[in-house]
Structure formats: structure tokens, C-alpha cells
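One structure is given here, and the rest of the page talks about it.
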Amino acid sequence: MKFLVVEDEFTSRLILQKILQEFGDVHIAVNGKEAIGAVKRSLDEQDPYQMVLLDVIMPEMDGYETLKSIRQQELDHGVSHANRARVIMSTSLNDGKSIMTAFKEQCDGYLVKPIDRAELLKHLQTLPDWR
């Protein structure tokens with residue numbers, strides 16, 4: 001499997017990378033702009049990400065804007081709803097408005113930091129290629 005971790009905070013990136021690396025390739029982006037570029041390259045190369053873990057609060061471009069752009073790129077590349085990346089928002093924001101905004105922008109899950117390994121693994125099990 002192929003994962004993209006989009007996280008501006010170093011320790012959170014390391015934790016997510018460590019959890020995910022046993023299940024596949026883990027790529028890192030430190031902000032939304034890098035993430036959009038990585039997703040575009042993966043779609044252009046016909047080697048898309050199966051899962052994107054996306055921080056909400058980031059400099060330059062927040063997670064909501066990034067998610068909206070990722071979904072538009074998938075549409076532009078003709079990716080069906082069933083085959084698009086599973087996007088899991090990860091954030092310290094645990095209020096109803098933040099959660100509703102994330103799902104309105106078409107995320108597939110929402111994890112509150114600090115990330116719980118068991119909760120993340122539940123999301124992994126929703127992937128079609130899960131072992």
C-alpha cells in the first residue's frame with residue numbers, strides 16, 4: 001500500500017510514519033502545497049495513494065483546502081468514488097464544527113491527536129487492499 005502523511009509537526013510525522021511503514025510505502029509532505037503536488041504526481045503516474053493522513057492546521061494551506069484540492073484532482077483524473085484515496089483528517093480540533101467541515105469536504109475519517117494506534121488501524125482495515 002502507499003500512504004501520504006501530511007503533517008507540519010515533526011514528532012507527529014514520525015509517529016504516523018512508524019505506524020504505517022509496516023504496511024507499505026510512506027511518503028511525507030510538510031504542508032498542503034507539498035501534498036497537492038505529491039497527489040498530482042501519483043495520479044499522473046497512475047500510482048495513486050490508497051490513504052492520506054491529513055493534518056487540519058498547517059501553514060500556507062489548511063487541511064480542508066488541501067482535501068478539497070485532492071478531491072478535485074481525483075475527479076480531473078477520472079478516479080471513481082470507490083477508487084479514490086481514503087483521507088483521514090488528523091487534528092487536535094475535537095469540536096463538532098471542525099468535524100462536520102472535514103466530512104463536508106469529503107474526508108473518510110477523523111482522528112483526534114494524539115493519534116491512537118488502534119484507531120488508526122481501524123481506518124486501515126477499510127482499505128480494499130488490506131491484508
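Condition check: of a type in the set (Ser, Thr, Tyr) and under 17 Å from residue 38 (Cβ atoms). Does residue 66 satisfy that?
Yes: the conditions hold for residue 66.
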Which condition number in (1) open to solvent by 80 Å² or more (accessible area, probe 1.4 Å); (2) without any contact (Cβ under 8 Å) to a residue 12 or more places away in the chain; (3) not β-branched (Val, Ile, Thr) is the one that residue 40 fails? (2)
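This table checks each residue for (1) small (Gly, Ala, Ser); (2) over 20 Å from residue 20 (Cα atoms); (3) in contact with a helix residue (DSSP H, G or I) (Cβ under 8 Å, 6 or more places away or on another chain).
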| residue | (1), (2), (3) |
| --- | --- |
| 40 | no, yes, yes |
| 81 | no, yes, no |
| 99 | no, yes, no |
| 105 | no, yes, yes |
| 117 | no, no, yes |
| 122 | no, no, no |
Counting only residues in the stretch 46-73 that are within 16 Å of residue 3 (Cβ to Cβ) and either open to solvent by 10 Å² or more (accessible area, probe 1.4 Å) or among the β-branched types (Val, Ile, Thr) (or both), the one modelled with the lowest pLDDT is identified as 50
Given the structure, is residue 28 closer than 11 Å to residue 115 by Cβ and open to solvent by 60 Å² or more (accessible area, probe 1.4 Å)? no
Restricting attention to the stretch 100-111, does a residue exist that is farther than 16 Å from residue 7 by Cα, of a type outside the set (A, V, I, L, M, F, W, C), open to solvent by 70 Å² or more (accessible area, probe 1.4 Å) and part of a loop (DSSP other than H, G, I, E, B)? yes
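Residues 102, 82: which one is touching a Phe, Trp or Tyr at 6+ places or on another chain (Cβ under 7 Å) and under 20 Å from residue 122 (Cα atoms)? Full working, then the answer.
Numbers: 82 fails: touching a Phe, Trp or Tyr at 6+ places or on another chain (Cβ under 7 Å).
Just a single option satisfies the conditions, and that option is 102.
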Looking at the stretch 12-31, can you tell me whether even one residue there is touching a helix residue (DSSP H, G or I) at 6+ places or on another chain (Cβ under 9 Å), of a type outside the set (Gly, Ala, Ser) and more than 23 Å from residue 125 (Cα to Cα)? yes
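The values are calculated or read from the model by the stated rules, or taken from the named source; none is laboratory data. Since the structure is predicted, the reported quantities are computational estimates derived from the model, not experimental observations. In this analysis, Cβ positions are derived from the backbone assuming ideal geometry, glycine residues included, and neighbour counts consider all displayed protein chains. Heads up: the accessible areas ignore ligands, DNA and RNA and are worked out on the full protein's heavy atoms, side chains in. Shrake-Rupley method; radii C 1.70, N 1.55, O 1.52, S 1.80 Å.
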